[in-house]
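Some notes on the structure that comes next.
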Amino acid sequence: AQKVTQAQTEISVVEKEDVTLDCVYETRDTTYYLFWYKQPPSGELVFLIRRNSFDEQNEISGRYSWNFQKSTSSFNFTITASQVVDSAVYFCALSENAGGTSYGKLTFGQGTILTVHP
Amino acid sequence: EAQVTQNPRYLITVTGKKLTVTCSQNMNHEYMSWYRQDPGLGLRQIYYSMNVEVTDKGDVPEGYKVSRKEKRNFPLILESPSPNQTSLYFCASSFRLATVNEQFFGPGTRLTVL
């Protein structure tokens, strides 16, 4: 069965610090998809990134970057020069085929609460 | 405006009283899904639908039913709610090719079962 572990329940940093959110996954599939979502204090869920298992290139989007390493089954998320507006709950998620015909089943991690203090 | 809507946003009910939470999207998305969010457990998928009349179980389907008779709607039905179904519920939709793409989430429905 697929599993996603976000071992950091809560992280607290001061503005301008860099912070990395860890995500470790388990899957039996060779083809799968990984996601990160953000849930700010207002409660909505916002998509950040999708990565497929064949694309191990790291990605950078502004202050956000993602490090995908199949060898360690990790898909970590780094925020550079954090800001107060980055305070949110961040979820990592995995979608796999698991012998079926679709990738509709998603498993989310427990989430990491990030608090950025001014 | 492209969006996923859920109704009601807040609901307090009693054990055993059947209820339906509606979900509708206006983006012509094939994929729709229901999740519940509980403290310390993150988001857990209840059911998902790859297209009209195609539904499948997620990780926590017990006590819930869904239907997908039209592309835009994906209601969540609790036939006999119990207190352990008190949770925050999210509906989501996605344009799907062969895989799930970016999901658009509804605003959430906070359900309390007494």
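Bear in mind these aren't lab numbers, they're just calculated from the coordinates by the rules spelled out. As the structure is a prediction and not an experimental result, all values here were calculated from the model. Heads up, the Cβs are rebuilt from the backbone with ideal geometry, glycines too, and the neighbour counts pull from every protein chain shown.
Quick notes on this one:
- Loop-resident sites, the range B:2-74, for trypsin sites (Lys or Arg not before Pro), counting at most 14 other Cβ within 10 Å (DSSP): B:Arg9, B:Lys17, B:Lys18, B:Lys69
- Projected label distance in nm at B:Lys69 and B:Leu41, using a 7 Å step from Cα toward the beta-carbon: 3.0 nm
- Each Cα pair under 8 Å and six or more residues apart adds its separation to the average, and for the range B:27-103 the resulting relative contact order is 34 percent.
- For the protein assembly as shown, the spread of Cα positions along the three principal axes, ordered from largest to smallest, is 49, 40, 35 Å.
- Alpha carbon Rg of chain A, scaled by the compact-globule rule 2.2 N^0.38 Å: 1.05
- Mean separation of Cα contacts under 8 Å, 6 or more apart, over the residue count of chain A: relative contact order %: 37 percent
- Projecting the Cα positions of A:Ile60, A:Val89, A:Ala1 onto the charge dipole of the range A:1-93 (unit charges on Cβ atoms of Lys, Arg, Asp and Glu, taken about the Cα centre) puts A:Ala1 furthest along the positive direction.
- Protection-proxy order for peptides A:76-87, A:9-20, each taking the mean of Cβ atoms within 10 Å per residue, highest first: A:76-87, A:9-20
- Around the Cα centre of the protein assembly as shown, unit charges on the Cβ atoms of Lys, Arg, Asp and Glu (plus for the first two, minus for the last two) sum to a dipole of about 780 debye.
- Net charge over other residues, Cβ less than 14 angstrom from the Cβ of A:His117 (K, R count +1; D, E count -1): -3
- Distribution of pairwise C-alpha distances over chain B, 10 Å bins, in %: 15, 51, 29, 5, 0
- Averaged over B:13-19, number of beta-carbon atoms from partner chains that fall within 10 Å: 0
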